[in-house]
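Notes follow the structure.
What follows is calculated from the coordinates using simple rules that are stated; it is not laboratory data. Please read these numbers as outputs of a predicted model, since none were measured by experiment. Positions of Cβ are generated from backbone atoms using ideal geometry, with glycine treated the same way; all protein chains shown enter the neighbour counts.
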Amino acid sequence: MTAQRLQQIFPFFWQSVSNSYTQIFFSKDKIFGFILIAVSLFDLSAGISGLLAVVSANSFAFLIGLNRQKVINGLYGFNALLTGLGLGVAFQINAAFVVVIVFSALLSLLVSVLLDGWLYKYGLPYLSLPFLVAIWVVILSTRQFTQLEISERGIYVLNEMYLLGGLPMVKLYLWFDTLVLPIPIKTYFLSLGAIFFQYHLFVGLLIAVGLIIWSRIAFIYSLVGFMAAWFFYGFTGVQISEIGYSYIGFNYILTAIGIGTFFVVPSFYSLLWVVISVPLLAFFISSGSYVLASYQLSVYSLPFNVVMLLLLYIFRVREHFHNKPGLVVVQQSSPENNLYSYVVNRHRLAHLGKIPVHLPFFGTWKVTQGINGSHTHQEAWKYAWDFEMTDEDGKTFANEGNKPEDYYCFGKPVVAPADGYVSVVEDGVSDNNIGDMNLNNNWGNSVVLHHAEAFFTQMSHLGKGSILVKKGQYVRKGEQIASCGNSGRSPYPHLHFQFQTAGTIGASTLDYPFTAYLKHADEKQLFAVAQPQNNDLVSNNQIVELLDEALHFVPGQIVRFKQEGDPQAVETAWKVETDIYNNSYFICQQTHAKAWFVRQPDFFFFTHFEGRKDCLLYDFYLAAYQMITGFSPGLVIREAITNVLYPKPALRLLQDFVAPFYMFLSIEYTLVQKKYFNDLTSSKILLESQVSFKVLGKETHQRSYELVFENNRLEQLSFSNKKTILKRV
């Protein structure tokens, strides 16, 4: 009854406790949490003090009314835990000490909230700074608290082990002490234990096991970071005992995990920064210990906090090389998941958060000069495109091509590529005769549109008198603004287009992609976000009402299916919901599996899946991983799916260890738009998709699907060569 009552008063109470332990390693893994709680209780008094501090801090946070999700995630509890553990090692438990623990937890909570508000605007975490403030303040103040008793634990360690687990625990404890290991490895495990104020090899080994269970990448990086520190100390002649004394080497371990795998996408570059951080940490460990020694205080995790915040801030304000290393944008509390999602989505979802800009014309046009073109698209003006229309033979003109009117693109509509205001209009420049150029007015008739702060598009060589807009006018995407002409430095009719940061004609160009365009070749391809290449035949996605309506899912909607031909089959229901960050997802009402998605005018993307893979929602996630709201027969969409979903755990485990440096597993998604049946009474669209699971580029197995859209909804979903067919209810 007590547990039930507690759960009613404080939902997710036990989860908030577990997460408070794992947050020290930036994790939320439940198994890791169980191991860390058990480890903390090896020193029973210290463990109880830490647990009391966590419960106090989380209770204070809950009752004060702070953000519930942060309480559940352990973000307000882990600093109190460290404070409780540290004080629990130093003092005996009595009534006065319990009061000190409760209010030291409150102090760490208050400092956490303060630092959270201050550092949030810089996009920085407060790490364990609240712990440092709380434990230093409390230790200094307790020197005058006469009712506190200094701990004598550690003198009779074997007696304490016997009380904890009897003779078997004593034997196990002694056996681990006799293990013959290289001194650096042994010190690494001892340093892991020191994070929880435990100084025994057994504790470090258990934490290492929990670390591997949570993240193989984090374990590898922590080991590399520590060994880099060990070699640095030896190389510079610093006493190795500085790492061993109180096992302060945990600063290198936590920094390696934080800067190498958690806040930063794991990669060769993040590992390089782990190594670079070693001398910086050594500076702060040595100098900090020297300064704090006069106050009889330990440096604890101060070096880790200072170096982490310095590097993260530098990474956030840099102007170049943003992917060397890349920062984690959507935190999944798993280095592996962060890495696999980053690899897949850095191009696939690169347009999210950006202004979608479409091609500035109707129909299919050819890129006759692209980026870094051979004629005029060079240096400051290299990010630009020239477009022309061609016939089936690739010719750009009819007849002899002696007149502008002979060219297929001449006089064709030029449309706004995105919503915006007309910034500049240049008109009145005559169209050239074929082969001639106007070098006095290079750009000819032009329109510059202003879409956002420091973001403009320019369309040039427009036809004289064809411009339909005025300066200051607001235009919508797809609205005609002019016609293609042959004015300015233009020997043949064509449309010049460029992105730029200034609202003047001829400004320097900006490296920016187009959104949702098709490339027409032997195999039609769709690009969610990309830059057309020279000689590409391209066109915009043309939205079809059937797909546009069918892929429009709203919160609260329930999508129901039932297996065809099986009257005993249970109805499958997926409800559309949104999380606290306004991200949309389907949740299976039978298994509670979740599939997150993004819906935009041109696209439907699945982005993330959690739950059982034997759930039909998982197959829907794979079948409809990426779809477009338009239809073009034969169009092929190819994308990679995150290795998080690789179905063979053993192979996935091996992949995790080397993922930052080499990917030997892959999951590839292919969607083909097959048929569009359209008559006076109804319309139907047939799509086929396939998911291939590969090892070293060779397919090991696959899943095939067929999707039928009708009546403005997904009407039928077939799995694996139609062995299972779901009909919409």
### Query
Sequence-distant or interchain residues sharing an amide H contact under 5 Å with Q600, placed H: which?
F605
#### Entry: Contour excess over end-to-end distance, with Cα ends at V570 and Q525 and 0.36 nm allotted per residue
12.4 nm
### Message
What are the equivalent ellipsoid semi-axes of region 170-328, built from the alpha-carbon gyration tensor (square roots of five times its eigenvalues), in whole angstrom, biggest first?
### Response
27, 20, 13
#### Entry: Cα-Cα P(r), region 65-150, percent of pairs per 5 Å interval
3, 15, 25, 22, 15, 10, 7, 3, 1
#### Entry: Degrees between helix 95-120 axis and first principal axis of the chain (Cα, 0 to 90, nearest 10)
20
### Query
Over all distinct Cα pairs, what is the inverse of the mean 1/r for region 1-154, reported as the Kirkwood hydrodynamic radius in Å?
15.5
### Summary
Relative contact order as a percentage, region 170-328, C-alpha pairs under 8 Å and 6+ apart, gives 20
#### Entry: Directionally averaged projected area (convex hull, Cα atoms, the chain), nm²
40.7
### Query
What's the Kirkwood radius of region 545-728 in Å, using all Cα pairs?
17.4
### Task
Count charges around Y21 for me, please; just the other residues with Cβ under 13 Å from its Cβ, Lys/Arg as +1, Asp/Glu as -1.
+1
### Task
Working from Cα positions, state the angle (0 to 90°, nearest 10) between the long axis of helix 44-64 and the longest principal axis of the chain.
50
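All other residues with a Cβ under 12 Å from the Cβ of D419 taken together, and with Lys, Arg as +1 and Asp, Glu as -1, what is their net charge? Don't jump to the answer; show the numbers that get you there.
Working: positive: R476, K477; negative: E479.
That sum, taken over residues with Cβ under 12 Å, equals +1.
Report, in listed order, any pair from K366/K470; K648/K694; K562/K723 with a Cα-Cα distance greater than 19 Å.
Violating the 19 Å limit, Cα to Cα: K366/K470.
Could you size up the charge dipole of the chain around its Cα centre, putting +1 on the beta carbon of Lys and Arg and -1 on that of Asp and Glu, and report it in debye to the nearest 20?
Values: 51 positive and 51 negative charges, 293 e Å.
That gives a dipole near 1400 debye.
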### Query
When only Cα pairs under 8 Å and 6 or more residues apart are kept, what is the percent relative contact order across region 397-545?
24
### Query
Given the C-alpha centroids of region 26-102 and region 187-259, what is the distance between them in whole angstrom?
22
### Query
How large is the helix-only mean residue ellipticity at 222 nm for the chain, computed as the sum of -39500 (n - 2.57) over DSSP H runs with n ≥ 4, divided by its residue count, in deg cm²/dmol to the nearest 500?
-11500 deg cm²/dmol
### Task
Fewest Cβ neighbours within 10 Å first, please rank I248, I150, I558 accordingly.
I150, I558, I248
### Message
Need the list of aspartates and glutamates near K171 for cross-linking: C-alpha distance under 19 angstrom, and skip anything on the same chain fewer than eight residues off.
### Response
D43, E160
### Task
Give me the lysines in straight-line cross-link reach of K464: C-alpha distance below 16 Å, same-chain residues under 8 apart excluded.
K403, K412
### Task
Please name which of I467, A516, N712 has its Cα lying farthest along the dipole of the chain towards the positive end, using unit charges on Cβ (Lys, Arg +1; Asp, Glu -1) and the Cα centre as origin.
N712
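Viscosity 0.890 mPa s, temperature 25 °C: what is the translational diffusion coefficient of region 484-580 from Stokes-Einstein with a Kirkwood Rh over Cα pairs, rounded to a whole number of µm²/s? Intermediate results must be reported in sequence, preceding the final value.
Values: Rh = 18.9 Å.
Using the Kirkwood radius from Cα pairs, D works out to 130 µm²/s.
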### Task
Excluding residues on the same chain fewer than 8 positions from K674, give the lysines whose Cα lies under 19 Å from its Cα.
K519, K524, K684, K722
#### Entry: Helix axis angle, 183-194 relative to the chain longest principal axis, alpha carbon, degrees
90
### Task
Just rank H552, H377, H701, fewest to most, by other beta-carbon atoms within 10 angstrom.
H701, H552, H377
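Please arrange T390, T681 by counting, for each residue, the other beta carbons lying within 10 Å of its beta carbon, fewest first.
Placing the least packed residue first, the sequence is T681, T390.
Determine the relative contact order of the chain: mean sequence separation of Cα pairs under 8 Å and six or more apart, normalised by residue count, in whole percent.
8
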### Query
Where Lys and Arg each count +1 and Asp and Glu each count -1, what net charge lies around K477 among other residues with Cβ under 12 Å from its Cβ?
-2
